[in-house]
Amino acid sequence: MTTITAREQAEIDRANASGAQPVVFVHGLWLLPSSWDDWRSLFEGHGFVALAPGWPDDPATVTEARRDPSVFAHKGVGDINADDLSAAFDEMFRTNVLSHLQSVKAAVPWLRAAAGSSNGASIVLAESTSSFYPGRGGVLYVSSKFAVRGLVAALAHELAPEIRVNGVAPGGTLNTDLRGLAEHLLREGERRH
């Protein structure tokens, strides 16, 4: 069963009352909803209403997270409430595995058509260092990333030789600047209004 916190309910109520198009920012492991504050301001400055839900057990502040960073990692099977396990599993695997599979399924006809070009066709899926090392992220995150690694191998086998399939497993990144992406998304959003 999913629990909506008071903070999240307030955001939902604000979004519903605004009448603006919502943009939902979902953070991954090692981040907090406040990680999106600059992005939220940017999008809201362009007429959207932004929401940033949390994950169960997220610390309330960055200070609290720095005081006890273990809250983010090493969520073992014993740390997940039995009533929440199925929903948590479904959410993690939908986010990290099914989304890749659906994207590939949609792209394959187009990629097969492009495979005859001199450059061929390629698929690159985002894995994680957790696809290779189990001590980073807890049982559900790690198992979902191992599943992505298996998906890359299975798709590479199935789609070869006409479509290359690879995975990238970036480690942590600091000071990432994605302003180019934000500007593109905002322009696309403005065109649709």
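Modelled label positions at residue 21 and residue 63, each set 7 Å beyond Cα in the direction of Cβ, lie 3.8 nm from each other. Between residue 10 and residue 37, the simple spin-label model (points 7 angstrom out along Cα→Cβ) gives 1.4 nm.
Note on residue 122 and residue 81: with the Förster distance fixed at 30 Å, the Cβ-Cβ geometry gives a FRET efficiency of about 0.15.
Read the figures in this text as sums done on the coordinates, not as results from a lab. Predicted model only: the values in this text are computed from it and were never measured. Using ideal geometry, Cβ is built from the backbone for each residue, glycine included, and neighbour counts are taken over all protein chains shown.
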